[in-house]
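Everything on this sheet refers to the single structure shown next.
The values are calculated or read from the model by the stated rules, or taken from the named source; none is laboratory data. Everything numeric here is computed off the predicted structure, so don't read it as measured data. As a convention, Cβ positions derive from the backbone with ideal geometry for all residues, glycine included, and neighbour counts pool all protein chains shown. When the accessible area is computed, the model is the full protein with side chains, heavy atoms only, and any ligands, DNA or RNA have been set aside. Shrake-Rupley method; radii C 1.70, N 1.55, O 1.52, S 1.80 Å.
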Amino acid sequence: MTGQPTAKERILARANADYQPELVAVDAEAIARMPARADRFSHMAVGLFGKPAGQTPEGAAAYSIALNSLNFMFWTPTTDGITRYHWGDEGGAHGLKAALDYAWGEEPTPARLRELLGSGQEQAVLDVLGEISLARRRAQFLREVLAGERLEEAAAELVQAAGSGNLTSDDAERLARRFPMAYGQDPYLVRAQLAVMWYAGFLREQGSEVDCDITVAASYQMPRVMRSIKVLKFDPALAAKIDSHTLIMRESDEERAIRAATVLGCQMLARHVGVSEHAMVNVLWQNRHACGTIPYHLTITTDY
């Protein structure tokens, strides 16, 4: 008798079901030609060391969960194209992190974050985070995450899970069950897995050895990077849509095809190089600025 499939196995099954190579194909030959230099790969560094939230494992776990509940769609459609989110001198995900650092304050706990953003009011999000897309939806997510002691309970659960030395997509799935609005709507669990990945990164910065077995690739920067290195091959019509900044509908055949090929291609890349998918995702992310003018696909979504 076999046990129940893991969360990662379910995600991969979803990717295989969604895979449409006529729209987006993984180029196995291109992957095979890539140099296998595992020594050049590293896991995520999150920079919580020395910051208030990084004073305790529980604070770091709470920070990782709160941050990634908001970690999606850093652009807003306009009549002339899109505008990117900025907070101070930082843009995109870095801007969100800078804003959250400010909102967190000097305490190791999320008390000030709850005071500023726990109301679930859209205006509170705009006041604290600035002009960010889908502010009302972000406010709803924060209301769920910051209600009562739920964030602290989720953080304690993540800290306990890490005590085994291994964090996985199963931990992300538990996070999604605990916060079904903020984390449970994406079948690929991208942001929930990012929260786990962030906490694993914190532990590694502290010198703790912890494995992190995740997928976490079905976003918008990963397929862009993988397209630039010829690992993903796009149908010309779909590529033309992306290049012209045409919106791709959430859960359309095209979006599912992009996300599925990215997950499967990332796994294949990691196996070829001989590194974890955690390390592979981190290196692809760190090299996103080397893609030149290749754009990412535009989908209005809270999934990534």
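Numbers at a glance
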{"quantity": "Residue match in region 263-272 (condition: more than 20 Å from D18 (Cα to Cα), in a loop (DSSP other than H, G, I, E, B) and open to solvent by 10 Å² or more (accessible area, probe 1.4 Å))", "calculated": "no"}
{"quantity": "Matching residues, region 190-212, being out of contact with any strand residue (DSSP E or B) (no Cβ under 8 Å at 6 or more places or on another chain) and closer than 18 Å to E173 by Cβ", "calculated": "V190, R191, A192, Q193, L194, A195, W198"}
{"quantity": "Looking only at region 226-262, and only at residues there that are basic (K, R) and touching a strand residue (DSSP E or B) at 6+ places or on another chain (Cβ under 8 Å), the one that is surrounded by the fewest Cβ atoms within 10 Å (Cβ to Cβ)", "calculated": "K233"}
{"quantity": "G81 being modelled with pLDDT under 95 and either open to solvent by less than 10 Å² (accessible area, probe 1.4 Å) or over 17 Å from V196 (Cβ atoms) (or both)", "calculated": "yes"}
{"quantity": "Evaluation of G50 against (1) within 20 Å of the chain's Cα centre (by Cα); (2) at positive phi; (3) at pLDDT below 95 (one fails), failing number", "calculated": "(1)"}
{"quantity": "Matching option when the condition is touching a Pro at 6+ places or on another chain (Cβ under 9 Å), closer than 29 Å to R177 by Cα, among the hydrophobic types (A, V, I, L, M, F, W, C) and open to solvent by 30 Å² or more (accessible area, probe 1.4 Å), among A13, A53", "calculated": "A13"}
{"quantity": "Any hit, region 237-253, residues being closer than 22 Å to R10 by Cβ and assigned to a helix (DSSP H, G or I)", "calculated": "yes"}
{"quantity": "Verdict on M181 being among the hydrophobic types (A, V, I, L, M, F, W, C), part of a loop (DSSP other than H, G, I, E, B), under 21 Å from A15 (Cα atoms) and in contact with an Asp or Glu (Cβ under 7 Å, 6 or more places away or on another chain)", "calculated": "no"}
{"quantity": "Hey, Q221 among the polar types (S, T, N, Q), more than 17 Å from G165 (Cα to Cα) and open to solvent by 10 Å² or more (accessible area, probe 1.4 Å) or not", "calculated": "yes"}
{"quantity": "Filter pass, R143 being open to solvent by 20 Å² or more (accessible area, probe 1.4 Å) and modelled with pLDDT of 95 or more", "calculated": "yes"}
